[in-house]
Amino acid sequence: MYVIIAGGGDIGYHLTKALHQHGYEVLLIEKNRKRAMDLADELGERVMYGDACEVRVLNEAGARRADVVVAATGDDEDNLIISQLAQNFFKVKRVLAVVRDPRHEPLFFKLGVHETICSTRFIFNILEQEVEYGEVLPIGAIMRGEIEVIEAEVTPESPVAGKSIGEIELPPKTLLAAVVRNGQLTLGLANLILQPGDTVVALTPPQHEKQLARVMRGTAR
């Protein structure tokens with residue numbers, strides 16, 4: 001698998017190292033000459049100097065044969081341009097974009113960039129859920145951000161402890177997809193009875209996260 005990463009900041013640097021260590025062919029593109037030279041001192045030929053917003057640079061990087069392009073610069077506008085070029089011009093099968101400002105995510109989705117990583121939104125959601133509901137935490141998103149993946153711990157005080165999944169009144173369009181018990185993953189079947197210590201993996205629209213937290217924890221704290 002060939003992966004092109006645009007942006008030699010912390011994300012791009014560590015991702016390049018990790019992919020190389022796992023045997024992937026990877027190229028990191030950095031538009032700041034000094035930064036590119038510093039990275040090349042450590043990463044060697046896996047670093048290319050250039051602006052990934054330019055068709056010429058992506059072409060020289062071999063974008064036409066890339067399996068994945070990751071737009072991980074520190075600028076959302078650049079990441080959107082890179083994603084659009086990779087997806088629409090070079091027909092790359094999979095494009096991931098880092099988004100710094102959560103307000104920009106809808107624009108990425110609207111323009112067809114469906115795999116985004118927004119650390120600001122992710123950390124905010126974790127902090128918000130942690131403060132209000134304890135051990136009910138968002139751990140990711142799927143379907144263009146329309147569905148949140150939630151991890152919830154069943155405590156002895158939880159109103160769902162001792163109930164089967166089929167008995168629990170869940171928010172609309174919410175699914176208890178899996179349960180981790182004693183380190184073993186089990187599908188969230190309707191007849192499975194939840195026990196204290198279980199970790200539940202749920203899927204729910206973002207607008208129903210708080211309601212799901214109340215179901216799992218009782219009255220919000």
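Nothing in this text is a laboratory measurement; each read-out follows from the coordinates by a stated rule. All of these numbers come straight from a predicted model, not from anything done at the bench. Cβ: placed from backbone, ideal geometry, glycine included. Neighbour counts: every protein chain shown.
Mind checking which of 114, 159, 102 is farthest towards the positive end of the chain's charge dipole, using Cβ charges of +1 (Lys, Arg) and -1 (Asp, Glu) about the Cα centre?
Of the listed residues, the answer is 114.
Under the rule of at least 5 residues apart or a separate chain, name every residue whose amide H is placed under 5 Å from the amide H of residue 48.
Counting only residues 5 or more places away or on other chains, the set is 28, 29, 30.
Place a +1 charge on the Cβ of each Lys and Arg in the chain and a -1 charge on the Cβ of each Asp and Glu, then give the dipole magnitude about the Cα centre in debye, rounded to the nearest 20. Write out the running numbers ahead of the final one.
Working: 24 positive and 31 negative charges, 106 e Å.
Approximately 520 debye in magnitude.
Per residue of the chain, what 222 nm ellipticity follows from adding -39500 (n - 2.57) for every DSSP H run with n ≥ 4, rounded to the nearest 500? Provide the component values of the computation, followed by the final result.
Values: 7 runs with 68 residues, N = 221.
Helix-only estimate at 222 nm: -9000 deg cm²/dmol.
Amide H to amide H under 5 Å from residue 162: which residues, 5+ apart in sequence or cross-chain, H placed 1.01 Å off N in plane?
Correct list: 194, 195.
Just check the stretch 28-67 against the gyration tensor rule for me: Cα atoms, a ≥ b ≥ c as the square roots of the eigenvalues, rounded for a/c under 1.5, and otherwise prolate or oblate depending on whether a/b exceeds b/c.
Oblate is the answer for the stretch 28-67, as a/c is 1.5 or above yet b/c matches or exceeds a/b.
Given the pairs 163/210; 110/210; 17/93; 93/173, which span a C-alpha to C-alpha distance of over 28 angstrom in this model?
Beyond 28 Å between Cα atoms: 93/173.
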